[in-house]
1. Which one of the conditions (1) open to solvent by 20 Å² or more (accessible area, probe 1.4 Å); (2) aromatic (Phe, Trp, Tyr); (3) over 15 Å from Gln163 (Cα atoms) does Trp78 fail to meet, given that it meets all the rest?
2. State which residue pairs qualify: first residue over 20 Å from Cys118 (Cα atoms) and in contact (Cβ under 8 Å) with a residue 40 or more places away in the chain and inside the range 178-191, second residue open to solvent by less than 50 Å² (accessible area, probe 1.4 Å) and among the β-branched types (Val, Ile, Thr) in any location, beta carbons under 9 Å apart, and separation of 6 or more residues or different chains.
3. Return the residue satisfying two criteria in turn: it lies in the range 136-159 and is among the charged types (D, E, K, R) and touching a residue at least 40 places away in the same chain (Cβ under 8 Å), and of such residues it is least open to solvent (accessible area, probe 1.4 Å).
4. Which ones in the range 63-100 are more than 20 Å from Glu129 (Cα to Cα) and of a type in the set (A, V, I, L, M)?
5. Of (1) under 13 Å from the mean Cα position of the chain (by Cα); (2) more than 22 Å from Arg84 (Cα to Cα); (3) open to solvent by 60 Å² or more (accessible area, probe 1.4 Å), Gln133 satisfies all except one. Which?
6. Cys118 fails exactly one of the following numbered conditions: (1) of a type outside the set (Gly, Ala, Ser); (2) in a helix (DSSP H, G or I); (3) within 24 Å of the chain's Cα centre (by Cα). What is the number of that condition?
7. Do we have Met130 as modelled with pLDDT of 95 or more and either of a type outside the set (Phe, Trp, Tyr) or more than 17 Å from Val70 (Cα to Cα) (or both) here?
Amino acid sequence: RGLFKDTTVFDLGREEIGELLVAAKADWTMVAPAIFGTLLEQALDKTERKKLGAHYTPRSYVQRLVDVTVMEPLRADWQTALTRAQAAKDDGKTDDAVKQVRAFHHRLCETRVLDPACGTGNFLYVSLEMMKQLEGEVIQALDDLGDTQARLIMQGETVDPHQFLGLELNVRAAAIAELVVWIGYLQWHYR
């Protein structure tokens, strides 16, 4: 038995181990993590896929949903914070402007995203990616305000995988979803 309930550990032959070794040595830094959902879908037989409702959703569809449900509210809050920061800066209160932007960053890092039927995590992955992009804008705004410590401070609080939660019946899909979110996070971090 494997780490997860209802999984099986397979005995691998010399050839399979060799293929895994070659795959492990490959450069995976630019591979889109969402590919794992496609691989799982292809590995399921038709009956299991139908029973689970497993279907890979293209990124463009997922992104439209993330835009409306996650990013539009966050962007509205970000615009409000930027407006307040600009007003404070215009009044010569740069410290207050920095506080406004940092307060938004804190709210961004406290935001939780839940996918109640996460499958292999594409909604969570796209949400993470788009929230990291927004976080980049926040850090740039702090840099523009002269907050030279912004990047150091952000290392202690940043958008990360613990904010992205999913529910999934299929144990393999749930494990892949977690892997997808972490791979996406690490790719963003190393870029």
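The values are calculated or read from the model by the stated rules, or taken from the named source; none is laboratory data. Keep in mind that what you see is a predicted model, and the values were worked out from it rather than measured. Cβ coordinates were reconstructed from backbone atoms using ideal geometry, including for glycine residues, and neighbour counts include every protein chain displayed. Accessible surface areas use protein heavy atoms only, side chains included; no ligands, DNA or RNA. Shrake-Rupley method; radii C 1.70, N 1.55, O 1.52, S 1.80 Å.
1. (1)
2. Cβ pairs passing all conditions: Gln187/Val31; Trp188/Val159.
3. My answer is Asp147.
4. So in the range 63-100, the residues more than 20 Å from Glu129 (Cα to Cα) come out as 80-100.
Within the range 63-100, Ala81, Leu82, Ala85, Ala87, Ala88, Ala97, Val98 qualify.
5. (2)
6. Condition not satisfied by Cys118: (2).
7. yes
Listed here are the residues, each with its yes/no results for (1) among the acidic types (Asp, Glu); (2) open to solvent by less than 90 Å² (accessible area, probe 1.4 Å); (3) more than 17 Å from Val126 (Cα to Cα); (4) modelled with pLDDT under 95.
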position	(1), (2), (3), (4)
Leu74	no, yes, no, no
Lys93	no, no, yes, no
Arg102	no, yes, yes, yes
Arg107	no, no, yes, no
Thr111	no, yes, no, no
